[in-house]
Amino acid sequence: MLTDVSHRTVATIATVAVLTVALAATVRAADNATGNPLQAQIDHGKSTYAEKCSHCHGPNLMNSGTITPDLRVIPDDKTRFVTTVKNGKNNKMPPWGDILSDDEIGNLWAFVSSRRKP
């Protein structure tokens, strides 16, 4: 009787372990096909940038001939970036804090910072 309980317990634990591993793999795959959560953020940020930012800042993070800065050379300062996106800047860049979520802004930072020139 005790052996039957032990075998069932071991089988249950093994089943839970397999399901846990399968669930973790599914979550990683959902983050990104490569399993890289940072790359998933960059990809989401690229999409948001194309939709919300590129019309002023240009498709390649720069728009020559305008007052917008070249985002490829902005300082490596996430706090400053987030504040600028949320609150706008110098009455020229509108605030996006009511339009973009914190996650979207974080994804934008991941994208922009991944394209920065050192």
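The values are calculated or read from the model by the stated rules, or taken from the named source; none is laboratory data. Since the model is a prediction, treat every value here as computed from it, not as a measurement. Note that each Cβ is placed from the backbone with ideal geometry, even for glycine, and that neighbours are counted across all protein chains shown.
Remarks
- Condition check for Thr12: more than 25 Å from Arg115 (Cβ to Cβ), at pLDDT 50 or above and either among the hydroxyl-bearing types (Ser, Thr, Tyr) or in contact with a strand residue (DSSP E or B) (Cβ under 7 Å, 6 or more places away or on another chain) (or both): yes
- Segment 43-65 residues that are touching a residue at least 24 places away in the same chain (Cβ under 8 Å), paired with ones that are of a type in the set (Lys, Arg) (beta carbon under 8 Å, 6 or more apart): Leu61/Arg72; Leu61/Arg115
- Members of segment 72-102 that are within 16 Å of Glu51 (Cα to Cα), without any contact (Cβ under 8 Å) to a residue 12 or more places away in the chain and within 17 Å of the chain's Cα centre (by Cα): Ser101
- Leading residue by the ranking (modelled with the highest pLDDT) among those in segment 39-79 that are loosely packed, with under 12 Cβ neighbours inside 10 Å and under 14 Å from Ser113 (Cβ atoms): Thr79
- Per the conditions (1) in contact with a Gly (Cβ under 9 Å, 6 or more places away or on another chain); (2) assigned to a loop (DSSP other than H, G, I, E, B); (3) modelled with pLDDT of 90 or more, the sole criterion not satisfied by Glu104 is (2).
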